Structure formats: structure tokens, C-alpha cells
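J.: Okay, here's the structure, questions in a sec.
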Amino acid sequence: MSGFDEFSPHHLEQLTQRYASLWRERDLETRVENQFRQDQALQESLQRLQTYRLKGISHYRYKGAYPEVRQLVTQVLAAEPQHPQALHYQAELAALEPLLQQAQLLIRKLGRVKLSSSEFSVIASEVAEAVKKVEVSESYQALIEDVTDLVEGRMSVADFIDTWQLTNMPSAQTARWSNFDKERLRDNIVQGRLVLFLGSGVVQAVPCLSTRDLTQQLAQEACYPHFDGTLSAIAEYYVQRGDLGRQVLLEKVGAALPKVPHVPLYQALAAIPQRLMLISAAYDDLLEQAFRAAHKPFVLLTSIMQSDEYSMGHVWVQFSDRTETKVYTKDDISKLPELERYSMIYKLRGTCSMQGRQDALALTESEYFNFAHHAQEIIPNYVVRKINELGCLFMGYQPSHWEERLIVNALLQRVLRNSALQVLHTHPPQPLEEVFWRKRGVETCPLKLADLVTLLAEGRV
């Protein structure tokens, strides 16, 4: 991130003044030969200024200082109305506008909490400063949820302070779960008595292109230097650029998706005779391939996110032993009698491999916002009911970025509070992840992913 550290507001002001000075000189010049020379100098000065403005946008965007980002984007577009990068940032700001307004409202309400609580007043300025930095980042979504709960009385000041301190302090590993029953967990999975939520970390446990690497690859192929955002951000950029577009994005993402022939957990699950209930957050179809290779029948459910053909609340349904794909409402799925004879794979974010269907995919920032806003209509009632009945084990899922937290939070908001929920980490959890799961009543499972695969495949750890 060294490029961000090199940005200087003072240098930007110097470049701005130099450009304005050249303009004034150009207006006063009457000789044609001098006007031509000054036009060239003006163009060169503008290019230097625009380049540095973009550097400033990246700098402030990285820091979450969106008012400054908005000011610089406006300046770039004033000089070049069709500048592609500035247009992307403008679209990003438009998507964030509701969050900016929400932040201003929360800051005012935090002032009232500060006046009523001497304990909160100690951290009030830090919290308000964090809320001001509206961003699509690792911690902002969880922060806003906690602050909203605080100001609306759903969280006590003491609980908020505990959460704030935990988020901003190094994680302490504990010796809990010494009496954890591994065999019981195995039996619940093997007997289909537990819904399994499978994140991309399940595949990334074996060598393949990481999400971060894919993001950087897409940025490089789009000639987007110094890109520091998430996959959804670069996907939004592709869609906003007329010379790229959604089709190009899907082709590039589809080509870069992992093609690992054998994912140990998928193979272990495919070998289980009992009907299973699975939710997949992966864009690829490696899980489906593993089931087909093992001749394990399954039904694939993929929610339609946005479509001119179907209204919100419709779901693509495809049985593994049939060629046709049909559409049902999320309520009618529960009425399909054959559903109880197949393992279920619900693609929570959609898939890039569903025969060109682009309406069943959450990939760009706009699509994530749309998913969160319409989650009540999008997520099938059948899936929610199964989680409430059986409980859910999250595996290989890192809520370290706002997209991951947003989409799981949308799911859990429909799940009953007393549902049995656990998470199996594929890495030592960061403080933000610990807080995220704990706040939603999800307990930590102390088992490693590799040990679970062994447990399922061999019946022992």
C-alpha cells in the first residue's frame, strides 16, 4: 500500500494551482503560436492533475474517507465527463449514499448516548470517528450493526463496550471445548441431521487460485492499476464499463474458477449414503461434480436475484438425473414431493456455471446490496425451515469482508434465535470474525477441517 502513503494533499493543491495559472495565461495570450504551445502545456498539466486526483481517490478510499473521495471524483468528471475510473467511483458512491446518510444519523444518536452514559463517553469519540469512515470494508458492516443496536436500545452500553474492546484487541485463544463430542458431530452429519454451510475456504484448503488472486487478476486484465478492493468491487467496475460488461466478467470469472479434480470434503460428503442438506457459497460447481462422480442424486436450488422474466422470489430447480431446469416460487419448492428423496445443494450466491443464467448470481456490489435488501423474498422458505429444524454447521467460511458478513447475516436474520449453529474455522479466527459469530449466537467448533474429513471418511480422528 505504499502508493497510498505517497499521496500529499499539499502536492495536489500545487498541481491544481499550476493548472489554474496556465489557464489564466492562456486566456491572456493573443498570439497563435504561443496559444498552441500553451495548449500543449495545459493538456500535460491536466493529465498530471487527473492522475494525481485518481491517486488521491485511491488514498482516501483506502482510508474510508468518502467525502474526500466524492470531491475528487467530481473534479475528475468535471474535466473529463466520461473518465471510466471516475464513473466507477461515482457509481460506488451512489451505492454507498444510504450508508453515508445512516452514518450521519447514527453519529447524532451516539451524542445522546454519550450524554447519558459516562462509561460510553470514554470511547464515544473513537466510535463516532469509526462510523464517519463509511466504507465497504472488513469491519464497517459489523460496526454499524452494533451501533444501531446500541442507539436503539437492543444492546446495553456494557455489552457494546465489551464488543468494541474485543474487536480492537488481539484475539485470546482459550482452552474451551475440551469435552467436545467429535463422534456425535460425525453421526449428525452422516445421518443428515445437520445442515452444512460450505464456504470457499473448503476449496482453498487445497492449492487453487484464491479470491484475492482472482480479484487482482481481473483488475490487471481491466488495466486498473493499484486496485485495492474486493471481488465485488472489481466486478462492479466491469459491469459499469461499457467496453467490458457483465458477459466479459462472467467469462473471466468462469475461466478462473478452481478446477481442482478432488476436494477432500466434497468427496467425503458424496460418499455418505444418507440424504444431505447443503448450502454452498461457492461460485464453482466442484461440489456438484463430486456428487455426480459418486452417483449421489441431488437437487440444485439457485435463487433468481434479478430478472425481467421472473419476479423476485423464484428459484431455479435442477435435479441431477434430469436434463431440464424448472422455475418455482420459493413457497412452491416445499410442496415438491420428490425433494425429500434428493440431497439438497442450495447455491446461496448463485453459480457461474448454470448454462448462461445471469439472473441467479450475486457477484457485483450492487447485486450484494440487492440480495440483502430482498433476502426475505430471495431465500427459499424450505432452506430456512431446514436450518431451524436441524441446525447448521458453517465450514470454510470467513466473514472477513463485508460481502461475506452481509450475505450470511441476511440468512441468519431469517433463522430462529434458538437454532443450533456452529462454525468450523479453517484458520485461527480474527477478532472481527469472533465477534461476528458470537453476536449471532454461532458457537465455535474446535475441530479442524482436515480432521473432519478424516472423521467422515474413516470413522475416526
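The values are calculated or read from the model by the stated rules, or taken from the named source; none is laboratory data. Because the structure is a prediction, the values reported are computed rather than measured. Heads up, the Cβs are rebuilt from the backbone with ideal geometry, glycines too, and the neighbour counts pull from every protein chain shown. Just so you know, the surface numbers come from the protein's heavy atoms only, side chains and all, with ligands and any DNA or RNA stripped out. Shrake-Rupley method; radii C 1.70, N 1.55, O 1.52, S 1.80 Å.
J.: Please calculate the 1.4 Å probe accessible area of residue 374, with all protein chains present, and give it to the nearest 10 Å².
T.: Probe radius 1.4 Å; accessible area of residue 374 about 50 Å².
J.: Find which of 419, 394, 117 sits farthest along the positive direction of the dipole of the chain, computed with +1 on the beta-carbon of Lys and Arg, -1 on that of Asp and Glu, about the Cα centre.
T.: It is 419, whose Cα lies furthest towards the positive end.
J.: Give me the extension gain from residue 14 to residue 159: residue separation times 0.36 nm, minus the current Cα-Cα distance, reported in nm with one decimal.
T.: Difference between extended and current length: 47.4 nm.
J.: With each pseudo-label sitting 7 Å past Cα toward Cβ, what's the residue 77-residue 457 distance in nm, one decimal?
T.: Roughly 5.3 nm, to one decimal.
J.: Can you give the FRET efficiency for residue 47 and residue 102, using 1/(1 + (r/R0)^6), R0 = 51 Å, r = Cβ-Cβ distance, to the nearest 0.05?
T.: Step by step, r from the Cβ atoms, then E = 0.85.
J.: Which lysines, on any chain, are close to residue 448 with Cα under 20 Å apart, when same-chain ones fewer than 8 places away are left out?
T.: 182
J.: List, in order, the whole-Hz ³J(HN,Hα) value for each residue of segment 440-456 obtained from phi through the Karplus relation with A = 6.51, B = -1.76, C = 1.60 and θ = phi - 60°; use x for Gly and Pro.
T.: 9, x, 9, 7, 8, 8, x, 8, 7, 4, 4, 5, 5, 4, 5, 4, 6
J.: If packing is taken as the average count of other Cβ atoms within 10 Å, what order do 79-92, 213-226 fall into, highest mean first?
T.: Output ranking for 79-92, 213-226: 79-92, 213-226.
J.: If you roll a 1.4 Å probe over the heavy atoms of the protein chains, what accessible area per residue do you get for segment 276-317, in Å²?
T.: 34
J.: Moving to a separate point now. Tell me which residues come under 5 Å, amide H to amide H, from residue 423 once H is placed; ignore anything under 5 positions away on its chain.
T.: 394, 443, 444, 445
J.: In the chain, what percent of the accessible surface is made up of carbon and sulfur (1.4 Å probe, ligands and nucleic acids excluded)?
T.: Answer for the chain is 50 percent, counting heavy atoms of protein chains only.
J.: While we're looking at this one, here's another question. Computed FRET efficiency, Cβ-Cβ of residue 115 and residue 413, R0 45 Å: what is it to the nearest 0.05?
T.: E(calc), rounded to 0.05, equals 0.90.
J.: Related question: Using a 1.4 Å probe, how large is the accessible area of residue 112, given in Å² and rounded to the nearest 10?
T.: Approximately 150 Å² of residue 112 is accessible to the 1.4 Å probe.
J.: Starting from the Cα-Cα distance between residue 274 and residue 124, subtract it from 0.36 nm times their residue separation and give me the gain in nm to one decimal.
T.: 48.7 nm
J.: Provide the gained length on full extension for the span residue 226 to residue 213, in nm with one decimal, where the gain is 0.36 nm per separating residue minus the Cα-Cα distance.
T.: 3.3 nm
J.: Highest first, please rank the peptides 28-38, 151-161 by the mean number of other Cβ atoms sitting within 10 Å of their residues.
T.: Averaged packing, sorted descending, gives the order 151-161, 28-38.
J.: Here's something else I'd like to know. About the Cα centre, and with charges only on the beta carbon of Lys, Arg (+1) and Asp, Glu (-1), how big is the dipole of the chain? Nearest 20 debye, please.
T.: Using only the charged Cβ atoms, the result is roughly 860 debye.
J.: What FRET efficiency do you get for residue 68 and residue 32 if R0 is 56 Å and r is their Cβ-Cβ distance, rounded to the nearest 0.05?
T.: 0.90
J.: Then there's this: Write down the percent of antiparallel bridges among all DSSP beta bridges whose residues are both part of the chain, to the nearest 5.
T.: Close to 30 percent.
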